[in-house]
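Before any comments, here is the structure.
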Amino acid sequence: QVQLVESGGGLVQPGGSLRLSCAASGSIFSIYAMDWYRQAPGKQRERVARITSGGNTNYTDSVKGRFTISRDNAKNTVYLQMNSLKPEDTAVYYCHARLTPLGTSRVEDYWGQGTQVTVSS
């Protein structure tokens, strides 16, 4: 059984930094793209950043230059370094992975449980 477990959320002042981590565990054959999404109260979930298995990245415009996504393929872990945080970054952040479980040929989507990020003075 595959699980994604996030950590690193919390309360931070405007201008501060946080680093989110998401580790995939279980019987995994291969992980393709990994993403960070966020959902603020009353808003739709939006993709914040994506990283492919080859290391290509893209970001939503509002976080470009402030957030950096990276991954450690040996650890099946994706990170999101968030700098210069703003109150509008407040949301629940979700990790997503598209992967093939061991012993199958299916490509499946998995989500973490979410971690709260609050930016406030």
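The values are calculated or read from the model by the stated rules, or taken from the named source; none is laboratory data. In this text the structure is predicted, and so the values were computed from the model without any measurement. So basically every Cβ, Gly included, is an ideal-geometry build from the backbone, and we count neighbours across all protein chains shown. The accessibility values were calculated without ligands, DNA or RNA, using every heavy atom of the protein model including side chains. Shrake-Rupley method; radii C 1.70, N 1.55, O 1.52, S 1.80 Å.
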Rounded to the nearest 20 debye, what is the charge dipole size of the range 54-114 about its Cα centre when +1 sits on each Lys and Arg Cβ and -1 on each Asp and Glu Cβ? 140 debye
Give, as a single signed number, the net charge of other residues whose beta carbon lies under 13 Å from the beta carbon of Tyr32, with Lys and Arg counted +1 and Asp and Glu -1. +1
Can you send over the solvent-accessible area of Tyr110, 1.4 Å probe, protein chains only, in Å² to the nearest 10? 50 Å²
Calculate, for the chain, the solvent-accessible area per residue in square angstrom, rolling a 1.4 angstrom probe over the heavy atoms of the protein chains. 53 Å²
For the chain, alpha-carbon Rg over 2.2 N^0.38 Å: 1.04
Cross-link candidates for Lys64: which aspartates and glutamates have Cα within less than 16 Å, leaving aside residues fewer than 8 places away along the same chain? Asp35, Glu46, Glu88, Asp89
Taking the Cα centre of the chain as origin, work out the dipole magnitude from +1 charges on Lys and Arg Cβ and -1 charges on Asp and Glu Cβ, in debye rounded to 20. 120 debye
Across the range 61-121, what fraction of all alpha-carbon pairs, as a whole percent, falls in each successive 10 Å bin from zero upward? 17, 42, 28, 11, 2
Residues other than Asp109 with Cβ under 15 Å of its Cβ, Lys/Arg counted +1 and Asp/Glu -1, net out at +3
Per residue of the range 3-18, in order, report the coupling 6.51 cos²θ - 1.76 cosθ + 1.60 (Karplus, θ = phi - 60°) as ³J(HN,Hα) in whole Hz, putting x for Gly and Pro. 9, 10, 10, 9, 7, x, x, x, 9, 9, 6, x, x, x, 10, 9
